[in-house]
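Read through the structure below, which is laid out as structure tokens, and then see the notes.
The values are calculated or read from the model by the stated rules, or taken from the named source; none is laboratory data. The shown structure was predicted, so the numbers you read here are calculated from the model rather than taken from an experiment. Quick reminder, even Gly has a Cβ in these numbers, built from the backbone with ideal geometry, and neighbours come from all protein chains shown. Surface accessibility is based on the protein's heavy atoms, side chains included, excluding ligands, DNA and RNA. Shrake-Rupley method; radii C 1.70, N 1.55, O 1.52, S 1.80 Å.
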Amino acid sequence: TPPQSEPGRCPVCAMELVPTTSGKGKADPNAVQVDPVARRLANIRTAPVKSVTAVRAVQAIGELSYDEGTLKTISAYVDGRLDRLYADYTGIVVKKGDHLALVYSPMLYSSQVELLLAKKSRDANPTSGDNLYESARQRLIELGMTKEQLDRVEKSGKADSRIHLCAPISGTVIEKLAVEGQYVKEGHAIYKLADLSTVWLMLKMFPEDAAVMRYGQKVTVDVQSLPGKHFSGRVAFIDPMVDRKTRTVGVRVVMPNEKGLLRVGDYAKATVDVPLAGSGELLAKICDPALANKWISPRHPHIVA
């Protein structure tokens, strides 16, 4: 019932009307005016209205796996014997350039002798011996020697039948495929390394849930072995096909693991807040506020700058 402009009785309950104690300003005449004392007694609280995106939580179960982009296989470049294995157990952490094994190879020795002879010939006749020297040096690089090792051989002037096999990346030895003293052929796998500073969470989602996933979307993860701890990652890949047996869609989440708390093979539960924006053009316009005005890697969504 709107306020009355003259004294009288209420048209609804017939009570005697009383003068209002507020509303003398320029407020909306249809607004409800409540005295501050009455507002405190009634415990009325107000808040400014905000326009926010309504979301729903999508949950899925997955398993932690290796980041396939960091997997490396260390193989023998030449035939030889493994005199020493410095990384002698699975799980050892190595840094880039660390010595993994000491390999004995007669082929390496003869190739180094050829390099020293080519170097001597080049020094005596720079115009004709340069090509032979570069070819001999490149051959040793192809056989697994580093440029630093070649420089030491040239500086000492002595060939060495044993060479250290160095780690190409920093990571963890996840497989040891040879033993000390074993003879290996060219191409024989000796180690498998993985960089565990990032891991993948492989999710299985229903097609209707996977349809609203987007590249770079933030995912909150609870790991089974670490109750109470929350981790986060970002969607890196959404499988374009539905698994015929399980009728699910694979979704890959990249998760930083600098502290090494996440273990490959562990189970985890993921939660994704999906905006209720419908589908089609509305869904395509969804934006993560944390990524606004920033750059993101097209292949590695956890790299934001």
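What about E154, is it surrounded by fewer than 13 Cβ atoms within 10 Å (Cβ to Cβ) and either of a type in the set (G, A, S) or out of contact with any Asp or Glu (no Cβ under 7 Å at 6 or more places or on another chain) (or both)? No; evaluated as a whole, the condition is false for this residue. Of the residues in the stretch 196-210, not one is within 30 Å of D79 (Cβ to Cβ), among the aromatic types (F, W, Y) and touching a strand residue (DSSP E or B) at 6+ places or on another chain (Cβ under 6 Å). Taking the criterion of being more than 16 Å from R84 (Cα to Cα) and either out of contact with any Asp or Glu (no Cβ under 9 Å at 6 or more places or on another chain) or at pLDDT 95 or above (or both), the only residue of the stretch 160-172 that qualifies is P168. The requirement of being under 30 Å from L108 (Cβ atoms), surrounded by 14 or more Cβ atoms within 10 Å (Cβ to Cβ) and without any contact (Cβ under 8 Å) to a residue 24 or more places away in the chain is satisfied by Y86. Taken as a whole, the structure leaves V249 outside the set of residues that are at pLDDT below 90, buried (at least 17 other Cβ atoms within 10 Å of the Cβ) and either at negative phi or of a type outside the set (K, R) (or both). If you go through the stretch 216-229 and keep only what is within 16 Å of the chain's Cα centre (by Cα) and open to solvent by 90 Å² or more (accessible area, probe 1.4 Å), you end up with just K218. Do we have V113 as β-branched (V, I, T), outside any strand (DSSP E or B) and open to solvent by less than 40 Å² (accessible area, probe 1.4 Å) here? When the stated conditions are applied, V113 does not pass them. Residues in the stretch 113-157 that are under 28 Å from D98 (Cβ atoms) and of a type in the set (D, E): E142, E148, D151, E154. Looking at this structure, is S161 under 19 Å from the mean Cα position of the chain (by Cα), among the hydroxyl-bearing types (S, T, Y), open to solvent by less than 70 Å² (accessible area, probe 1.4 Å) and on the phi < 0 side of the Ramachandran plot? For S161, the condition - under 19 Å from the mean Cα position of the chain (by Cα), among the hydroxyl-bearing types (S, T, Y), open to solvent by less than 70 Å² (accessible area, probe 1.4 Å) and on the phi < 0 side of the Ramachandran plot - is not met. Scanning the stretch 24-50 for residues that are modelled with pLDDT of 80 or more and either aromatic (F, W, Y) or open to solvent by 70 Å² or more (accessible area, probe 1.4 Å) (or both) yields V37, R39, R40, L41, N43, I44, R45, T46, A47, P48, V49, K50. Within the stretch 57-106, if we keep just the residues that are of a type in the set (A, V, I, L, M), over 25 Å from the mean Cα position of the chain (by Cα) and part of a strand (DSSP E or B), the residue that is nearest to P207 (Cα to Cα) turns out to be L100. In the stretch 28-55, the qualifying residues are those that are within 39 Å of the chain's Cα centre (by Cα) and part of a loop (DSSP other than H, G, I, E, B), and the one that is farthest from V219 (Cα to Cα) is P48. E134 falls short of the stated requirement of being open to solvent by 60 Å² or more (accessible area, probe 1.4 Å), modelled with pLDDT of 85 or more and under 28 Å from S197 (Cβ atoms).
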